[in-house]
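S.K.: Structure incoming, see below.
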Amino acid sequence: EAEDPEDARQRLGVAQAAVLSSLVAGAPVPEGFDRARMGVQARALARKRADVVAKVAPELPVLLGAGYRESFLEYARERPMRGGCRRDALDFAAFLLERRRPRVPRRELREWWLDRSGPAPRGRLARAAGRVLLRR
C-alpha cells in the first residue's frame, strides 16, 4: 500500500525539526543519528554563530578579549538563537551580566547593552547631546 504523501511530508517535517533542535537547541539526538557526529556539528554551528555575532557586534570580542569565544559557546549551549543575530548579541550580553563572571568588564558591557537594547537604542551621540543640553 502506498503511503499518503501528506503523511510522509508530516513525518519528514517532524524528523527534520528533531534534528535541528538537537543541533541548535540542545534537544536529545534523534534515534538513528550518531551522537558524536551530531555533537561535532552542533559545536561547529555554535562557533559559526559566535563568529556572526562578533561581526554584528564587534565590541563584544574586544570587551571580553580571549574569553569571548569560550563565553559565547557556553551561552550557546544553554540558549538557542531567537530573533536574529542582533538579538543574539544582546541576549549574550545579558547572559554575561546575569552570570556575574569575574573577568567580565561589567560596567562597559552594561553600557554596551543599554546603548543597543530597547526599541530606540540610546547611542553615544544621543548621550553626548543629552549631556550638552543638560549643561544649558
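The values are calculated or read from the model by the stated rules, or taken from the named source; none is laboratory data. Owing to the predicted nature of the structure, the values given are computational and were not obtained by experimental measurement. Heads up, the Cβs are rebuilt from the backbone with ideal geometry, glycines too, and the neighbour counts pull from every protein chain shown. Accessible surface areas use protein heavy atoms only, side chains included; no ligands, DNA or RNA. Shrake-Rupley method; radii C 1.70, N 1.55, O 1.52, S 1.80 Å.
S.K.: I need the full set of residues from the stretch 50-83 which are outside any helix (DSSP H, G or I) and open to solvent by less than 30 Å² (accessible area, probe 1.4 Å), in order please.
M.R.: Hit for the stretch 50-83 is Ala57, nothing else.
S.K.: Cβ-Cβ under 7 Å, sequence separation 6+ or interchain: first residue in the stretch 70-91 and hydroxyl-bearing (Ser, Thr, Tyr), partner part of a helix (DSSP H, G or I). Which pairs?
M.R.: Ser71/Leu64; Ser71/Leu96; Tyr75/Phe92; Tyr75/Phe95
S.K.: Determine which single condition Lys48 fails, assuming it passes every other condition in (1) in contact with a Pro (Cβ under 8 Å, 6 or more places away or on another chain); (2) over 18 Å from Leu114 (Cα atoms).
M.R.: (1)
S.K.: Right, next: Do we find a residue being open to solvent by 80 Å² or more (accessible area, probe 1.4 Å) and part of a helix (DSSP H, G or I) anywhere in the stretch 89-102? Spell out how you get there, then give the answer.
M.R.: Applying the first criterion (open to solvent by 80 Å² or more (accessible area, probe 1.4 Å)) to the stretch 89-102 yields 98-100, 102.
Those still in the list that are part of a helix (DSSP H, G or I) too: 98-99.
Scanning the stretch 89-102 turns up at least one residue that is open to solvent by 80 Å² or more (accessible area, probe 1.4 Å) and part of a helix (DSSP H, G or I).
S.K.: Search the stretch 106-117 for residues that are under 16 Å from Val56 (Cβ atoms) and at pLDDT 90 or above and pair each with any residue that is acidic (Asp, Glu) and assigned to a helix (DSSP H, G or I) when their beta-carbon atoms are under 7 Å apart and the residues are at least 6 apart or on different chains.
M.R.: Matching pairs, first to second residue: Trp112/Glu59.
S.K.: Tally the residues that are open to solvent by less than 70 Å² (accessible area, probe 1.4 Å) and either in contact with a helix residue (DSSP H, G or I) (Cβ under 8 Å, 6 or more places away or on another chain) or more than 19 Å from Arg77 (Cβ to Cβ) (or both), restricting the search to the stretch 20-49.
M.R.: 12
S.K.: In this structure, is Ala27 in a helix (DSSP H, G or I) and free of Cβ contacts under 8 Å to residues at least 40 places away in the same chain?
M.R.: Criteria not met by Ala27.
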